[in-house]
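Participant: Below: one structure in structure tokens.
The values are calculated or read from the model by the stated rules, or taken from the named source; none is laboratory data. As the structure is a prediction and not an experimental result, all values here were calculated from the model. Cβ placement follows ideal geometry from the backbone for every residue including glycine, while neighbour counts extend to all protein chains displayed.
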Amino acid sequence: MQPENNHPSQLTPNLVTPAFRALFDPADPASLRCFAVLDGHAAGRIFTDYPDQPTWGVVQEAAFSSLYLGGDVKQTPLHQLIAHLRQEGEVLIGLWMEDPRWSFLPSTPDFSGYTLEFIDRDADQSLPEVPAGCELRRLDQSLIKEILGRNLLIHMYGSVQVALKWGYGLCLTRNGEILCETFAGPIGNGVIEIGVETHPHHIRKGYGALTCAHLILEMEQQGYQTYWNCAKQIQASIALAHKLGYRNEKEYRLLAWSKNKTR
């Protein structure tokens, strides 16, 4: 038996073995983000006790700072790792309500809430027509300079170039103006996440549903299963998910610990 290692090592994706990858459960909430980091398709950090013979692993994805727990994670090193990461920024953990790992997470989080995820989708959805004078354009180097979600994509992937390599975006435009932007990514285990942002002057015109519907169909035609995730209190996002054909939402609890303030 190996002694407990309270000082985790950090891995790069090229050092992730199939055995290490197998420590993480694809059924965990939003797990595609974890596997995207493990596969080197999204930015993040990977920690373990023993790189050669790991018994546990922790992944932090960069976009939202969420942690994913794999294997036999011990309470002491996990608390130490969270405390270390909080020196740099916020730390989030989302688990199903019945998950036994709640018992060894740090107490008194700064935030506790609930999130919904949607995977099952009714494929028999009519595809909205693009309004006259508008066009759907593939997100590229020129358009990415104009989108509202540019900083999030850079944070998620590390660079614009990597975002365009591993993700796929569509923009609804009119006379060169972006009305709505959608993005598919990251990808993990054949599942791809869908995000959308309608520009403030063009909300409540159906542009989000239209642009997402075209993007989702294209992803499904490429063989991906699409995924939708939103906070439980964001009713507009939930309504849009239902409009796009997503059914059977699953609820999980999300805790967050804020960045430690230095004196």
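Participant: Among the residues of the range 122-137, which ones are in contact (Cβ under 8 Å) with a residue 12 or more places away in the chain and farther than 20 Å from residue 244 by Cβ?
Facilitator: 133, 135, 137
Participant: Considering only the range 74-87, I want to know if a residue exists there that is more than 23 Å from residue 251 (Cα to Cα), part of a loop (DSSP other than H, G, I, E, B) and charged (D, E, K, R).
Facilitator: Yes; the residues of the range 74-87 include at least one that is more than 23 Å from residue 251 (Cα to Cα), part of a loop (DSSP other than H, G, I, E, B) and charged (D, E, K, R).
Participant: Could you tell me which numbered condition residue 220 fails, if it satisfies all but one of (1) part of a helix (DSSP H, G or I); (2) of a type outside the set (Phe, Trp, Tyr); (3) farther than 15 Å from residue 128 by Cβ; (4) in contact with a Leu (Cβ under 6 Å, 6 or more places away or on another chain)?
Facilitator: (4)
Participant: Restricting attention to the range 41-84, and to residues there that are in contact with a Lys or Arg (Cβ under 9 Å, 6 or more places away or on another chain) and of a type in the set (Phe, Trp, Tyr), which single residue is farthest from residue 100 (Cα to Cα)?
Facilitator: Only one residue fits best here, namely 64.
Participant: Select, from 147, 154, 192, the only residue that is surrounded by fewer than 22 Cβ atoms within 10 Å (Cβ to Cβ), of a type in the set (Val, Ile, Thr) and touching a strand residue (DSSP E or B) at 6+ places or on another chain (Cβ under 6 Å).
Facilitator: 147
Participant: I would also like to ask the following. On the basis of being under 19 Å from residue 158 (Cα atoms), assigned by TED's automatic domain parsing to the domain that holds residue 13 and free of Cβ contacts under 8 Å to residues at least 24 places away in the same chain, does residue 40 make the cut?
Facilitator: no
Participant: Further question: Looking only at the range 118-134, filter to residues that are within 27 Å of residue 251 (Cα to Cα) and among the charged types (D, E, K, R); which one of those is surrounded by the fewest Cβ atoms within 10 Å (Cβ to Cβ)?
Facilitator: Checking each candidate, the answer is 124.
Participant: Report whether or not residue 230 is within 19 Å of the chain's Cα centre (by Cα) and over 19 Å from residue 61 (Cβ atoms).
Facilitator: No: the conditions fail for residue 230.
Participant: Sticking with this structure for a sec: Does any residue in the range 195-207 that is farther than 17 Å from residue 244 by Cβ come within less than 8 Å, Cβ to Cβ, of a residue that is at pLDDT 90 or above and surrounded by 14 or more Cβ atoms within 10 Å (Cβ to Cβ) six or more places away or on a different chain, and which pairs are these?
Facilitator: Partner pairs satisfying both residue conditions: 199/178; 199/179; 199/180; 199/181; 202/179; 202/180.
Participant: Right, another one. Could you check the range 171-211 and list, in sequence order, the residues that are of a type in the set (Phe, Trp, Tyr) and either farther than 30 Å from residue 38 by Cα or not in a strand (DSSP E or B) (or both)?
Facilitator: 207, the sole residue that qualifies.
Participant: OK, next. For the range 103-117, what are the residues that are outside any strand (DSSP E or B), surrounded by fewer than 16 Cβ atoms within 10 Å (Cβ to Cβ) and in contact with a strand residue (DSSP E or B) (Cβ under 9 Å, 6 or more places away or on another chain)?
Facilitator: Once the filter is applied, which keeps residues that are outside any strand (DSSP E or B), surrounded by fewer than 16 Cβ atoms within 10 Å (Cβ to Cβ) and in contact with a strand residue (DSSP E or B) (Cβ under 9 Å, 6 or more places away or on another chain), the range 103-117 yields 106, 108, 110.
Participant: Here is a follow-up. Can you say whether residue 75 is more than 28 Å from residue 202 (Cα to Cα) and not β-branched (Val, Ile, Thr), as far as the supplied structure shows?
Facilitator: Considered against the rule, which asks whether it is more than 28 Å from residue 202 (Cα to Cα) and not β-branched (Val, Ile, Thr), residue 75 comes out as yes.
Participant: Count, please, the residues in the range 244-263 that happen to be at pLDDT below 95 and closer than 24 Å to residue 148 by Cα.
Facilitator: Total meeting the criteria: 0.
Participant: On to the next question. Report the residue count in the range 11-53 for those that are basic (Lys, Arg) and farther than 23 Å from residue 160 by Cβ.
Facilitator: So the count comes out to 1.
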